[in-house]
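Let me begin by presenting the structure, written as structure tokens, before commenting on it.
The values are calculated or read from the model by the stated rules, or taken from the named source; none is laboratory data. Since the structure is predicted, the reported quantities are computational estimates derived from the model, not experimental observations. Glycine also receives a Cβ, built like all others from the backbone with ideal geometry; neighbour counts cover every protein chain displayed.
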Amino acid sequence: MDTPELFDGVRENVVLLHGLTRSSDSMRGLETFLEKCGYRVHNLDYPSTKFSIEELVAMLRPKIEEIASRSSRIHFVTHSMGGILIRFLLKEYPISNLGRVVMLSPPNNGSEVVDKLGHWKAFRKLNGPAGQQLGTDSDSLPCKLGAVEFELGIITGDRSINWLLSLLIQGPNDGKVSIESAKVEGMKAFAVVHATHPYIMKKDVVFRKVQRFLQQGDFEIK
């Protein structure tokens, strides 16, 4: 297994951010893999269904800034809504020693599932305030964030374990986010893998693509 080169003689740090309704446990396999690759990994947990995106970023910001202050360079790997949190954070609070960012199945242009089901009481209870912010209309938070200005690679899936939700989404999708909605202006690399939204972060091919992008800035694995 290739190991990352030291940046300024210090091991590089990677922050992992899970998605909506999930926990840091969902990123444990990726955490272990990246640690074996030689990175210092911080698999952060946050109460994704309890607060708005703005409030969640405010909670995460002190910890992320502390990690950044002790890092030569700090990378991020996110799943689903975790990608929106990082877009918001980096737009409002730029990090001077930012490395690369990999997003897994991010709703960068929102999700039609929120458009269609967001008004349901059960949906609101399950997904909380942040879930309500992930629609596809021009006033939704993801759509107001604009182009990214950092080195970003995106990996998304084209398989679904919930065909009912997939019927609500236009075009190929992973059951929550369409392939097109995962894209964002300014991204450097984009890849589609045969994976579903809930489990994309557990695929070996995704592990290797994440490692490749953090090291080289592309997804061209052997």
Index of the failed condition, VAL210 passing every other in (1) touching a Leu at 6+ places or on another chain (Cβ under 8 Å); (2) in contact (Cβ under 8 Å) with a residue 40 or more places away in the chain; (3) buried (at least 19 other Cβ atoms within 10 Å of the Cβ); (4) in a loop (DSSP other than H, G, I, E, B) = (4)
query = Only one residue in GLU149, GLU180 is of a type in the set (Asp, Glu), in contact (Cβ under 8 Å) with a residue 60 or more places away in the chain and under 18 Å from ARG87 (Cα atoms). Which one?
reply = GLU180
note = Exception for ASP139 within (1) more than 23 Å from SER26 (Cα to Cα); (2) assigned to a helix (DSSP H, G or I) falls at (2)
Residue identified as touching a helix residue (DSSP H, G or I) at 6+ places or on another chain (Cβ under 7 Å) and either surrounded by 19 or more Cβ atoms within 10 Å (Cβ to Cβ) or part of a loop (DSSP other than H, G, I, E, B) (or both) among ASN127, ASN109 = ASN109
message = If PHE33 meets every condition in (1) farther than 24 Å from VAL148 by Cβ; (2) surrounded by fewer than 18 Cβ atoms within 10 Å (Cβ to Cβ) apart from one, which number is that one?
response = (2)
request  = Would you be able to tell me the number of residues in the stretch 177-207 that are part of a loop (DSSP other than H, G, I, E, B) and either within 23 Å of VAL148 (Cβ to Cβ) or of a type outside the set (D, E, K, R) (or both)?
outcome  = 13
ask   = Is it fair to say SER181 is crowded, with 21+ Cβ neighbours inside 10 Å and within 18 Å of VAL113 (Cβ to Cβ)?
value = yes
message = Test of understanding: among ILE154, ILE169, which residue is assigned to a loop (DSSP other than H, G, I, E, B), surrounded by 16 or more Cβ atoms within 10 Å (Cβ to Cβ) and β-branched (Val, Ile, Thr)?
response = ILE169
key: Where a residue in the stretch 126-141 is touching a residue at least 40 places away in the same chain (Cβ under 8 Å) and its partner, wherever it lies, is surrounded by fewer than 19 Cβ atoms within 10 Å (Cβ to Cβ) and of a type in the set (Asp, Glu), with Cβ under 7 Å and at least six apart   = THR136/ASP115
message = Yes or no: the stretch 154-169 includes at least one residue that is within 14 Å of the chain's Cα centre (by Cα) and not β-branched (Val, Ile, Thr).
response = yes
message = Within the stretch 1-19, take every residue that is of a type in the set (A, V, I, L, M) and either within 19 Å of GLU66 (Cβ to Cβ) or buried (at least 23 other Cβ atoms within 10 Å of the Cβ) (or both) and give me the one that is modelled with the lowest pLDDT.
response = VAL10
remark   = If you go through GLY38, GLY29, the only one that is modelled with pLDDT of 95 or more and among the small types (Gly, Ala, Ser) is GLY29
